[in-house]
Protein chains: 2
Amino acid sequence: MFKFNPIGIIHSPFKSKEDIESKKYADSRGFDSVQGELEIFREYEEGLKDVEGFSHLVVLFSFHKSKGYKLHTMPLLGDILRGVFATRSPNRPNPIGMTVVKVIERNRNRLKVSGVDMIEGTPILDIKPYTSRDQKSPIKLGWLKKRMNS
Amino acid sequence: MFKFNPIGIIHSPFKSKEDIESKKYADSRGFDSVQGELEIFREYEEGLKDVEGFSHLVVLFSFHKSKGYKLHTMPLLGDILRGVFATRSPNRPNPIGMTVVKVIERNRNRLKVSGVDMIEGTPILDIKPYTSRDQKSPIKLGWLKKRMNS
């Protein structure tokens, strides 16, 4: 078993899961303009040195409102049960989320970002630079193909 | 505190951290051709339904050989101390790794993939489909800019 403590919290215009589960956001660019803030706890602030040089960051976080999971799940964008690992559902065996955000500015221990699809108060587990190794193209979208306006 | 249990393990040609920390792999495409296998434990096999429709998967895993961290760290590709969150170092407050792999084929609970940069026996925490929301471009690489052949 692995134990992790939050390094910060996310400030978001979305106050609840229901705010986010609106299909208007759920396509490929829907969240791009949604701004929020990554507040890193002061004890980790020094670890943020140099992050502002990157345009995008990978944010790992806890889906802290997740309550259990099923191996077959109904996706927000679908009408057929899918394997949970073929979805980005918050209800998964290890409820860890991953979102790539765009850096707007850093102010000490606070990072203003866009591309936020997490809810207010979401615990942050890690921040990493997004690099060219994370850019994959072309990609195949499986069952999502017809659902995303990509 | 959040507690996570592995859902599987990674089979890799790299047997130790030292095998991986070779600069020949460390540029933007160095690991692309490295093949391995994601072995998902049988109890989670049903959750893999539909994953083979996606060309790429996000793999979250535990840096299980990580021993502590410093907030300023020397990157493999660098010669100046950087904030740990501006690096992909395994030695971080929450030692969780994220790698995007390419799916070659699925055989029940085993996924043959390429793009492996983890070591043999690495515990898998989660698998997610890589979607167009994860494709960011153009990007700025900060201190890494001159280090990656991107």
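Data for the structure
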quantity	calculated
Restraint check, A:Lys67/A:Lys128; A:Lys15/A:Lys112; B:Lys15/B:Lys146; A:Lys3/B:Lys67; A:Lys145/B:Lys102; A:Lys140/B:Lys112, Cα-Cα greater than 21 Å	A:Lys67/A:Lys128; B:Lys15/B:Lys146
Loop-resident sites, segment B:1-109, for GluC sites (Glu not before Pro), counting at most 12 other Cβ within 10 Å (DSSP)	B:Glu21
Accessible heavy-atom area order of B:Phe2, B:Phe85, highest first, probe of 1.4 Å	B:Phe2, B:Phe85
Residue-averaged beta-carbon neighbours from other chains (10 angstrom radius) around A:40-52	6
Label distances, nm, B:Gly121 versus same residue in remaining copies, Cβ-directed 7 Å point	4.1
Relative contact order (%) - segment A:27-150, alpha-carbon pairs under 8 angstrom, separation at least six	39 percent
Helical contribution to [θ] at 222 nm, DSSP H n ≥ 4, -39,500 (n - 2.57), averaged over chain A, rounded to 500	-500 deg cm²/dmol
Solvent-accessible area per residue for chain A (1.4 angstrom probe, square angstrom)	45 Å²
Minimum 50 Å² accessible area buried by the other protein chains, segment A:70-98 residues, probe 1.4 Å, relative to alone	A:Leu71, A:His72, A:Phe85, A:Ala86, A:Arg88, A:Asn94, A:Ile96, A:Met98
Shape box of segment B:40-150 [Cα atoms, principal axes, largest first, Å]	45, 34, 20
Efficiency of FRET between B:Lys140 and B:Glu45 - r from beta-carbon atoms, R0 45 angstrom, step 0.05	0.65
Shortest-first distances to equivalent copies, position A:Asp32, nm, label 7 Å out along Cβ	2.5
Along each principal axis, Cα extent of segment B:1-78, largest first, Å	42, 36, 21
Table column - 3J(HN,Hα) (Hz), segment A:35-50, Karplus curve with 6.51, -1.76, 1.60, x for Gly and Pro	9, x, 9, 9, 9, 8, 4, 3, 5, 9, 3, 4, x, 7, 3, 6
Per-residue average of Cβ from other chains inside 10 Å of A:58-66	2
Rounded accessible area of B:Lys15 (nearest 10 Å², 1.4 Å probe)	130 Å²
Over 17 Å [Cα-Cα, segment B:90-150], rounded percent	60 percent
Summed buried accessible area for A+B [probe radius 1.4 Å, Å², rounded to 100]	6900 Å²
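The values are calculated or read from the model by the stated rules, or taken from the named source; none is laboratory data. What you are looking at is a predicted structure, and each value in this text was computed from that prediction instead of being measured. Every residue, glycine as well, gets a Cβ built from its backbone with ideal geometry; the counts of neighbours run over all protein chains shown. SASA here: full protein model, heavy atoms, side chains in, ligands and nucleic acids out. Shrake-Rupley method; radii C 1.70, N 1.55, O 1.52, S 1.80 Å.
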